[in-house]
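Working notes, structure below.
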Amino acid sequence: MSAIPFFDCNCQIGVRANRHKSTIWRLEDYRRDFDYCDIVGAVVSHAVAREYSPDYGNRRLLREIGDDPQLVPQWVLIPHHTGEMPPAPELVAEMLSLGVRTARIMPKTNVTGTSEAIIGPLLSELERHRVPLFVDKSEIDLPDLVQLCQAHPMLPVVLCGQSWGGGRTLYPALAAAPNLHIETWAYQEHRAYEEFIRRFGPERLLFGTDLPNRSPGAATMMTRYEDISKEARHMIAGGNLMRLLKDVRGAQGRPLPELKAPATHPDDDPIVACTRAGKPLSDEFVLDAHGHIAHPGAMGVYIPLAYNDADNLVKSMDRMGIDICCFSPWSGIITGDPEANDISLDAVERHPDRLLAYGCDNPNYPEFFNAEYERVFLTDRVIGYKPYPRHGLPFDHPALAPLMEWANANEKPVLCHAMRPDISEKLAAKYPSAKFLVAHAGSSWDLAEGTARVAREFKNVYAEITYTSILYGFIEFFCEEVCPEQLLFGSDCVMRDIAPQLGWVTWARIPYEDKQKVLGQNMADILKMPMEQRTPRS
Ligand SMILES: [Zn+2]
């Protein structure tokens, strides 16, 4: 299978106010990443235009990218009323004469709002020329976005950063606004593209990376692995963006990048080679440290999430090449009652070779405790303990101590949602034989840095990765600052899809052997799994 050419619709370059040292900022580093991840072109805006001054930053963008054939400039626009930018006809004419084919608005940051009286004339001029308009989810509320789309029906609008679990409002919005498109980096819901295409076709999904904030390899993963047609895959990867850019009326100057087959990568390790081809990792042992299931047949819980039960989790594991998943039930982290543990135990019984359960307990119902402790924990029917913040108690609360002691006495893992570093430190010292898995350790640089600091000191503290953030450089950061042995792959499937989380590891620039540790061997060590059981089975 020839590699898919990706065309990134959501990339930012330039000097930013707040930057983690692991993230890139030089254009040559972007070019290296583009090459590695099969990205043949990118629409770029400038951080200075987004954070400091739109006009100044837009001009700086053109100066810095020069005539780089891979890059398509995007300007950040504000209306003309204050004299910071010219009136719309003049502004859009200048953009088009310079080959600037896309625009971005930031109604919250730039305090313009989205009322027609304020930005209507600018949007009408963009609409007249079919200039695609980009706006980030953090900058606009969905009802306002639908109004904007309906007021300008010929204006292609791209919503960037749309996350998962929003279908109850997003699907009606897409139905009401046929000119609304979705950029994909955060759109990581389980089987999201398949569901989207079933409802709206493949034309309105556009691949984006949100570079330099996210792992670009991870961002390509759903396009590579979703169960969709080859045509749809290529449209999402770049064809749709190319169509929108070619539809722009009156653009001159810069040629568009070519959507040609990306370069080959003979020096790929076996894991990234497999990922690049969109094939299941069938030759590797992969153990997911963090999954979820809902009750049988579930298509959602308090948020809509497609195909949310154990059988569908195993189906998705097969699609990706995940051998075993350690999961907790959705209801376990909410009600945490005996019926929640029943859902887990039934799932393990149905898929004994593939699923392992964390036991749950709701400390607000001490009357359940003794029977569940004997039935679930003392009988070894679960591999660990999953407490959860929704129960309203911190992880070091005395009500959680009996199960912490169980974990300590039996050297079991405790999966703790985004545990604060000061609490990790305290628990790791108090229960030295328990294994503390800090779930979502890569959700923010603050938590990543804090967890790394504790993990350096306490060998029973581990960073489990899963989170929509897919932070750029986090995997490399942790391996370097702590060690690969204390880093664990987790997917949060079936909530997030497995693909982006898996790609966060597979595309990381770490040695092949370290990827194997992170993807399965470390968690297998925690579970004391015999070597002969560490075999690919998907
Ligand atoms: Zn989770």
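Data table
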item: Strands (runs of 3 or more DSSP E) enclosed by the stretch 379-468 - at least 2 residues per element that are over 22 Å from the mean Cα position of the chain (by Cα), under 16 Å from residue 290 (Cβ atoms) and within 16 Å of the ligand (Cβ to nearest atom); result: 413-417
item: Any hit, the stretch 322-333, residues being modelled with pLDDT of 95 or more, in the same structural domain as residue 494 (by TED's automatic domain parsing), assigned to a helix (DSSP H, G or I) and not small (Gly, Ala, Ser); result: no
item: Among (1) farther than 24 Å from residue 392 by Cα; (2) surrounded by 19 or more Cβ atoms within 10 Å (Cβ to Cβ); (3) free of Cβ contacts under 8 Å to residues at least 60 places away in the same chain, the one test that residue 327 misses; result: (1)
item: Selection count where residues are over 28 Å from the mean Cα position of the chain (by Cα) and within 23 Å of residue 100 (Cβ to Cβ), scope the stretch 115-150; result: 13
item: Yes/no for residue 480 being in contact with a helix residue (DSSP H, G or I) (Cβ under 8 Å, 6 or more places away or on another chain) and open to solvent by 20 Å² or more (accessible area, probe 1.4 Å); result: no
item: Candidate set from the stretch 301-311 (those that are in contact (Cβ under 8 Å) with a residue 60 or more places away in the chain and within 16 Å of the ligand (Cβ to nearest atom)); member that is surrounded by the fewest Cβ atoms within 10 Å (Cβ to Cβ); result: 303
item: The stretch 334-346 residues that are crowded, with 22+ Cβ neighbours inside 10 Å, paired with ones that are assigned to a helix (DSSP H, G or I) (beta carbon under 7 Å, 6 or more apart); result: 336/391; 340/331; 340/332; 341/332; 341/372; 341/376; 343/331; 344/332
item: Matching residues, the stretch 360-378, being buried (at least 16 other Cβ atoms within 10 Å of the Cβ), among the charged types (D, E, K, R) and in a helix (DSSP H, G or I); result: 372
item: Inter-residue pairs, beta-carbon under 6 Å, first open to solvent by less than 30 Å² (accessible area, probe 1.4 Å) and in the stretch 7-30, second at pLDDT 95 or above and hydroxyl-bearing (Ser, Thr, Tyr), 6+ apart; result: 8/209; 11/209; 12/45; 23/472
item: So residue 159, is it buried (at least 21 other Cβ atoms within 10 Å of the Cβ) and assigned to a helix (DSSP H, G or I); result: no
item: Residues of the stretch 470-492 that turn out to be in contact with a Lys or Arg (Cβ under 7 Å, 6 or more places away or on another chain), of a type in the set (Ser, Thr, Tyr) and within 16 Å of the ligand (Cβ to nearest atom), as a count; result: 0
item: Residue in the stretch 63-73 that is open to solvent by less than 30 Å² (accessible area, probe 1.4 Å) and on the phi > 0 side of the Ramachandran plot present; result: no
item: Residue match in the stretch 505-516 (condition: in a helix (DSSP H, G or I), within 16 Å of the ligand (Cβ to nearest atom) and out of contact with any His (no Cβ under 7 Å at 6 or more places or on another chain)); result: no
item: Filter result (touching a Pro at 6+ places or on another chain (Cβ under 7 Å) and of a type outside the set (A, V, I, L, M)) within the stretch 137-164; result: 139, 156
item: Pair list, Cβ < 6 Å and 6+ apart or interchain, from the stretch 416-432 residues that are farther than 19 Å from residue 466 by Cβ to residues that are within 16 Å of the ligand (Cβ to nearest atom) and open to solvent by less than 60 Å² (accessible area, probe 1.4 Å); result: 423/395; 427/436; 428/436
item: The stretch 519-538 residues that are aromatic (Phe, Trp, Tyr), paired with ones that are assigned to a loop (DSSP other than H, G, I, E, B) and open to solvent by less than 40 Å² (accessible area, probe 1.4 Å) (beta carbon under 6 Å, 6 or more apart); result: none
item: Residues satisfying the stated conditions in the stretch 171-196, i.e. among the hydrophobic types (A, V, I, L, M, F, W, C), assigned to a helix (DSSP H, G or I) and touching a strand residue (DSSP E or B) at 6+ places or on another chain (Cβ under 8 Å); result: 173, 174, 196
item: Pair list, Cβ under 6 Å, 6 or more apart: the stretch 489-507 residue open to solvent by 10 Å² or more (accessible area, probe 1.4 Å), other residue more than 10 Å from the ligand (Cβ to nearest atom) and in a loop (DSSP other than H, G, I, E, B); result: 495/305
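Yes/no per residue for (1) of a type outside the set (Val, Ile, Thr); (2) under 13 Å from residue 10 (Cβ atoms):
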{"site": "111", "(1), (2)": "no, no"}
{"site": "119", "(1), (2)": "no, no"}
{"site": "134", "(1), (2)": "yes, yes"}
{"site": "147", "(1), (2)": "yes, no"}
{"site": "161", "(1), (2)": "yes, yes"}
{"site": "166", "(1), (2)": "yes, no"}
{"site": "182", "(1), (2)": "no, yes"}
{"site": "194", "(1), (2)": "yes, no"}
{"site": "212", "(1), (2)": "yes, yes"}
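Table: residues versus (1) in contact with an Asp or Glu (Cβ under 8 Å, 6 or more places away or on another chain); (2) without any contact (Cβ under 8 Å) to a residue 40 or more places away in the chain; (3) among the β-branched types (Val, Ile, Thr); (4) open to solvent by 60 Å² or more (accessible area, probe 1.4 Å).
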site: 75; (1), (2), (3), (4): no, yes, no, no
site: 81; (1), (2), (3), (4): no, yes, no, yes
site: 108; (1), (2), (3), (4): yes, yes, no, yes
site: 118; (1), (2), (3), (4): no, yes, yes, yes
site: 122; (1), (2), (3), (4): no, no, no, no
site: 129; (1), (2), (3), (4): no, no, no, no
site: 148; (1), (2), (3), (4): no, yes, no, no
site: 154; (1), (2), (3), (4): yes, yes, no, yes
site: 164; (1), (2), (3), (4): yes, no, no, no
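The values are calculated or read from the model by the stated rules, or taken from the named source; none is laboratory data. On a predicted model such as this, the values are computed, not experimentally measured, just so you know. Heads up, the Cβs are rebuilt from the backbone with ideal geometry, glycines too, and the neighbour counts pull from every protein chain shown. Keep in mind that these areas ignore ligands, DNA and RNA; they rest on the heavy atoms of the full protein, side chains included. Shrake-Rupley method; radii C 1.70, N 1.55, O 1.52, S 1.80 Å.
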